[in-house]
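The values are calculated or read from the model by the stated rules, or taken from the named source; none is laboratory data. Just so you know, these numbers come straight off a predicted model, no measurement behind them. Ideal geometry is used to build each Cβ from the backbone, glycine not excepted, and the neighbour counts take in all protein chains shown. With ligands, DNA and RNA removed, areas are computed over all heavy atoms of the protein, side chains included. Shrake-Rupley method; radii C 1.70, N 1.55, O 1.52, S 1.80 Å.
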2 protein chains.
Amino acid sequence: MDTVERAPANLPGPAAEAAGTARDAAGDAPAPKRTRARTTASMADVARLAGVSSQTVSRVSNGYAGVNEKTRRQVLAAMKELGYRPNSAARALKRGEFRTIGVITFTLSTTGNVRTLEAIATSAAHEGYAVTLLPVALPTQAEVRGAFSRLEELAVDAVIVIMEVHLLDAATVQLPPHVQVVVVDSDAGDHYTVVDTDQAGGTRAAVRHLLDLGHRTVWHLGGPEGSFAAQRRTDAWRAALVEAGRVPPPLVRGDWSAESGYRAGLELAAHDDCTAVFAANDQMALGLLRALHERGRRVPEDVSVIGFDDIPEASSFLPPLTTVHQDFAEVGRLCVRAVLRKMRQVGPERGTTLVPTRLVRRDSTAPPPEHP
Amino acid sequence: MDTVERAPANLPGPAAEAAGTARDAAGDAPAPKRTRARTTASMADVARLAGVSSQTVSRVSNGYAGVNEKTRRQVLAAMKELGYRPNSAARALKRGEFRTIGVITFTLSTTGNVRTLEAIATSAAHEGYAVTLLPVALPTQAEVRGAFSRLEELAVDAVIVIMEVHLLDAATVQLPPHVQVVVVDSDAGDHYTVVDTDQAGGTRAAVRHLLDLGHRTVWHLGGPEGSFAAQRRTDAWRAALVEAGRVPPPLVRGDWSAESGYRAGLELAAHDDCTAVFAANDQMALGLLRALHERGRRVPEDVSVIGFDDIPEASSFLPPLTTVHQDFAEVGRLCVRAVLRKMRQVGPERGTTLVPTRLVRRDSTAPPPEHP
DNA sequence: GCGGCTGATGTTTGCGTAAACATCGTGTAC
DNA sequence: GTACACGATGTTTACGCAAACATCAGCCGC
């Protein structure tokens with residue numbers, strides 16, 4: 001821990017030998033007013049100590065070739081002694097890039113957003129980029145606009161937006177020029193670059209699974225209106241039923257939360273002919289399971305339930321939940337790749353990339369009861 | 001978008017007339033070699049267009065007093081026309097601060113970390129600070145060291161670490177000087193500034209609640225060894241029992257995941273004398289509930305279960321989970337406050353701040369069965 | 001032996017901003 | 001009416017870095 005305590009800038013005389021003695025003059029003489037204690041050593045300091053030009057320090061710092069091995073070693077030693085760290089502000093100013101990606105998202109309350117964010121951060125780090133978080137408290141236009149106006153001053157080279165793009169457009173966002181944007185949870189593939197889970201494919205798999213088990217039709221516990229993902233799942237659910245010649249029951253809506261799933265579940269439990277429910281996410285499925293349990297409808301004997309997301313807890317539900325697995329890590333990875341490509345001006349400017357899903361069969365689905 | 005294309009730097013003499021008409025000239029004449037299309041307007045560009053000095057633009061930009069209202073308006077108009085955005089790299093370089101806080105954390109798989117991070121981001125935004133994420137894939141020393149070495153070059157003024165500080169120490173971290181650190185999930189209050197949930201208080205409340213219900217003792221499903229929070233809960237659990245004159249049963253460990261709670265639950269279900277279990281988090285409690293259910297032990301009639309965290313889903317478990325509510329938002333808020341105070345050199349350098357918990361009674365706890 | 005090349009290094013310059021200092025009217029006190 | 005304060009603005013400078021260019025040995029080929 002001692003390394004943290006050290007204050008390399010004020011070392012008494014160690015730097016004097018070996019090279020330049022000019023430092024002492026600088027250290028003391030000037031007006032002692034507020035000394036300002038230079039916080040970090042600069043390239044110039046290192047250069048002085050190593051007896052080279054600052055440009056050579058720069059070359060070493062950036063790992064350029066063309067520096068004599070002996071010189072390089074001297075410089076490295078000087079850097080170490082002074083505790084030199086390149087100043088990223090100066091670097092960014094000079095290079096014109098921050099090596100940082102901004103991520104705008106709503107509250108991190110949904111598993112999907114968190115997982116995606118995590119993957120983005122990891123992938124970005126891998127590429128030498130940092131990730132700056134721009135939280136938006138509420139999905140209102142004012143909030144979104146606020147986030148973007150913060151962004152305007154922010155040190156980012158690109159932005160990944162994890163939310164329905166309509167809010168973005170509606171907020172009359174004015175992005176800093178040359179800042180690339182990639183969007184998740186949106187259908188704006190013709191205006192933006194979009195990366196998303198294959199909502200439709202996953203939904204189709206879920207519905208088909210239930211129909212294959214023998215259910216006459218499938219009810220749907222949908223997500224909130226604002227969400228594109230929710231909309232997409234609802235549309236796909238309806239389409240899959242129609243395609244199979246079934247009649248879609250009325251839609252029941254929740255807001256992604258388990259609590260809303262519970263409330264919707266109480267409603268669904270009242271329908272005796274409801275033998276299969278496709279919940280738009282696992283949390284709502286959880287609430288649904290509780291409601292069904294309370295109303296004495298057994299899962300999966302009386303009612304089959306299928307979720308979406310495959311959160312880690314899904315396998316521990318009662319009963320373990322059959323669900324559609326989303327590969328959030330892949331989504332995050334692709335976001336970073338897409339945004340970097342856009343920055344480097346390779347790859348398509350717009351269009352949607354879909355990440356496939358996978359149906360995970362557990363114990364919450366079964367054939368319908370003999371005669372309901 | 002046209003504002004982007006414009007190359008304000010090369011304007012010949014437009015500044016002369018209030019709102020120049022000389023723009024056309026700039027587009028053609030200059031050497032067409034890679035034009036480099038200046039990406040953004042600088043203060044100088046705005047100054048030229050507004051017919052003032054760049055310093056005045058700076059004053060307007062920073063909202064300083066002492067600028068004539070008319071002048072200010074001119075400047076603002078010019079800014080708007082050029083789509084001017086202050087360059088944060090230059091600003092950071094000049095001011096010597098980035099207005100950014102780095103957050104180091106393990107994978108965002110635990111609710112607590114995510115909630116805390118979210119609160120940190122929100123509070124920081126409130127204070128005009130951005131948050132940069134430094135994900136650490138695995139809690140190994142090498143990984144932690146890697147994160148910190150990335151950090152060394154990173155544009156942050158302070159760091160909040162959400163993890164057991166031992167890993168940090170062990171990684172022989174060398175922090176940039178003058179970068180303040182605040183830590184969550186740690187007992188290093190004497191070396192660092194620590195903000196944490198009152199683990200002991202929450203645990204005591206949980207244990208007492210169960211004892212008050214009439215249980216002879218309370219079993220404990222603990223978290224992983226590396227975690228300070230887990231350790232603290234385990235210690236407090238044992239202490240609370242001893243204090244009440246009870247004999248602590250053997251400790252059962254999980255790794256925070258529901259799956260591990262399930263495995264541990266199978267084990268616990270085998271003990272007929274186990275009538276009350278305190279799980280170190282809600283996810284493990286979920287798995288525990290499933291295991292008990294599978295083994296035919298009813299909750300709460302046969303076994304009482306209590307969790308820790310109060311994740312949103314807890315109220316939808318079967319049965320709804322009694323648990324200890326953690327105020328992650330407050331933890332995050334206090335982290336930001338502490339770190340900003342340290343930067344401004346007010347407030348104590350080290351020491352621990354505890355955030356109180358609250359017991360949330362739901363349906364998973366009840367008096368023990370008559371004669372077990 | 002000379003021109004030119006290569007590798008290693010130094011020098012100059014400018015990125016965009018804002019602190020510090022300088023200037024310049026205008027009014028106000030005496 | 002001179003002195004002086006004050007408000008409004010302009011000028012200079014430095015933040016730390018790295019691209020572009022300059023220098024300067026040593027070495028090669030002919």
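Of the strands (runs of 3 or more DSSP E) lying entirely inside the stretch B:140-229, the ones with 2 or more residues being more than 14 Å from chain A (Cβ to nearest Cβ) and modelled with pLDDT of 90 or more are found at B:193-197, B:219-222. In the set (1) within 7 Å of chain A (Cβ to nearest Cβ); (2) open to solvent by less than 40 Å² (accessible area, probe 1.4 Å); (3) more than 16 Å from DNA strand D (Cβ to nearest atom), B:Pro86 fails one condition alone, (3). Take the conditions (1) in contact with a helix residue (DSSP H, G or I) (Cβ under 7 Å, 6 or more places away or on another chain); (2) outside any helix (DSSP H, G or I); (3) more than 13 Å from DNA strand C (Cβ to nearest atom); A:Gly63 misses just one of them, which is (1). If you go through the stretch B:90-113 and keep only what is facing chain A (nearest Cβ under 9 Å), surrounded by fewer than 22 Cβ atoms within 10 Å (Cβ to Cβ) and assigned to a helix (DSSP H, G or I), you end up with B:Ala90, B:Arg91, B:Leu93, B:Lys94, B:Arg95. What residue, of A:Arg297, A:Arg290, A:Arg333, is of a type in the set (Lys, Arg) and within 20 Å of the chain's Cα centre (by Cα)? So the residue among A:Arg297, A:Arg290, A:Arg333 that is of a type in the set (Lys, Arg) and within 20 Å of the chain's Cα centre (by Cα) is A:Arg333.
Please go through the stretch B:40-66 and pick out each residue that is in contact (Cβ under 8 Å) with a residue 24 or more places away in the chain, more than 14 Å from every other protein chain (Cβ to nearest Cβ) and open to solvent by 50 Å² or more (accessible area, probe 1.4 Å). Correct list: B:Arg48, B:Gly51.
The number of residues in the stretch A:270-286 that are more than 14 Å from chain B (Cβ to nearest Cβ) and open to solvent by 10 Å² or more (accessible area, probe 1.4 Å) comes to 5.
Scanning the stretch A:116-126 for residues that are within 9 Å of the chain's Cα centre (by Cα) and more than 8 Å from chain B (Cβ to nearest Cβ) returns A:Thr116, A:Ala119, A:Ile120.
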